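Written below as structure tokens is the structure these notes are about.
The values are calculated or read from the model by the stated rules, or taken from the named source; none is laboratory data. Worth saying up front: this structure is predicted, and the values here are computed from it rather than measured. As a convention, Cβ positions derive from the backbone with ideal geometry for all residues, glycine included, and neighbour counts pool all protein chains shown. Protein only, heavy atoms only, side chains kept; ligands, DNA and RNA dropped before computing areas. Shrake-Rupley method; radii C 1.70, N 1.55, O 1.52, S 1.80 Å.
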Amino acid sequence: MITINTEHTYSISDILFVFALESEAADLFDDTHKLITGIGKVNAASTLTKEIYLRKPKLIVNLGSAGSKTFSKGNVVCCTKFIQRDMDVRGLGFKKYETPLSGIPPVLEYGLKMDNVKEGTCGSGDSFEMDHVEIDYNIVDMEAYPLALIAMKEEIPFLCLKYISDDAGSDAADDWAVQVHLAAEAFKKLLFK
């Protein structure tokens with residue numbers, strides 16, 4: 001069993017653990033329902049959608065690495081708000097981050113809060129951000145937004161935990177390469193108490 005908070009406890013067999021890369025899971029999640037999506041929003045959306053229709057999980061847990069200037073390297077942060085950071089159709093009169101004609105607000109609020117874990121707002125986009133200056137989100141990744149959106153549309157509870165691997169700055173690529181391997185250990189320690 002995994003306890004997320006006082007209201008939400010799930011059997012491990014009912015959970016789909018979603019990672020972008022095998023290195024973020026290592027071999028520590030081999031005994032679970034594990035899904036590797038590949039990098040980027042399209043890969044994440046396509047792979048998760050197929051898996052949901054094969055086996056509708058009772059909980060989707062997205063675990064992955066992310067950059068942040070707010071949270072320190074090595075921290076695990078729970079994301080409950082999501083922004084599609086590369087969606088910009090202001091030229092046609094829409095708000096920044098708003099997907100035109102979707103009815104979805106620019107900041108998607110969906111996800112369970114985990115007890116005793118700091119919360120953040122995740123900006124997902126199809127670029128590896130190395131000069132983060134945006135204040136609307138304090139975590140940077142490449143997959144969480146579509147995963148949260150699909151979970152919401154399919155009415156499946158969603159938990160998103162990000163391991164901070166870098167500061168989304170000029171050294172982000174080097175830091176990520178070293179830190180990403182520590183993510184699985186941090187997730188397992190937090191979830192399987």
**Prompt:** Which three extents, in whole angstrom, do the alpha-carbon atoms of segment 34-127 cover along their principal axes, largest first?
**Reply:** 39, 37, 23
**Asked** Can you give the helix-only mean residue ellipticity at 222 nm for the chain, where every DSSP H stretch with n ≥ 4 adds -39500 (n - 2.57) and the sum goes over all residues, rounded to the nearest 500 deg cm²/dmol?
**Response** -6500 deg cm²/dmol
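Express the relative contact order of the chain as a whole percentage, based on alpha carbon pairs under 8 Å and six or more residues apart in sequence. Provide the component values of the computation, followed by the final result.
On the way: 427 pairs, mean separation 55.5, N = 193.
Rounded, it is 29 percent for the chain.
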**Fill in**
Given 49-57, 78-86, 17-25, the highest-first ranking by average Cβ count within 10 Å works out to 78-86, 17-25, 49-57
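Excluding ligands, DNA and RNA, what is the solvent-accessible area per residue of the chain at a probe of 1.4 Å, expressed in Å²? Spell out each step's value before the answer.
Working: 9240 Å² over 193 residues.
I get 48 Å² per residue for the chain.
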**Asked** Highest GNM mean-square fluctuation, the chain, Cα pairs closer than 10 Å: which of SER65, SER127, SER165?
**Response** SER127
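Hey, can you rank 87-98, 114-125 by average C-beta count inside 10 Å, highest first? Write out the running numbers ahead of the final one.
Working: 87-98: 13.7, 114-125: 19.2.
Highest mean packing first, the order is 114-125, 87-98.
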**Message:** Please report the accessible area of LEU159 (heavy atoms, 1.4 Å probe, ligands and nucleic acids excluded) in Å², nearest 10.
**Reply:** 0 Å²
**Message:** I'd like the Kirkwood hydrodynamic radius of the chain, using the inverse of the mean 1/r over distinct C-alpha pairs, in Å.
**Reply:** 16.6 Å
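Cα-Cα over 23 Å: which of LYS34/LYS58; LYS41/LYS188; LYS41/LYS189? Please report the intermediate quantities before stating the final value.
On the way: LYS34/LYS58 14 Å; LYS41/LYS188 25 Å; LYS41/LYS189 27 Å.
Listed pairs above 23 Å: LYS41/LYS188; LYS41/LYS189.
If you roll a 1.4 angstrom probe over the protein chains with everything in place, what fraction of the accessible area of the chain belongs to carbon and sulfur, to the nearest %? List each step's numbers first, then the result.
Values: 4760 of 9240 Å².
Roughly 52 percent, rounded to a whole number.
Filter the chain for me: DSSP H helices, axial length by Cα at least 18 angstrom, mean Kyte-Doolittle hydropathy not below 0.0. List them by residue number. Walk me through the numbers before you get to the answer.
Values: long enough: 41-54 (20 Å, 0.11).
Those that pass (Cα extent of 18 Å or more, hydropathy at least 0.0) are 41-54.
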**Message:** Among GLY67, THR9, TYR163, whose Cα projects farthest towards the positive end of the dipole of the chain, with charges put on the beta-carbon of Lys, Arg (+1) and Asp, Glu (-1)?
**Reply:** THR9
**Prompt:** Given 0.36 nm per residue, what is the gain on full extension from LYS58 to ASP27 after removing their alpha carbon distance, in nm?
**Reply:** 8.9 nm
**Request:** Please arrange ILE164, ILE36 by accessible surface area, largest first, computed with a 1.4 Å probe and ligands excluded.
**Result:** ILE36, ILE164
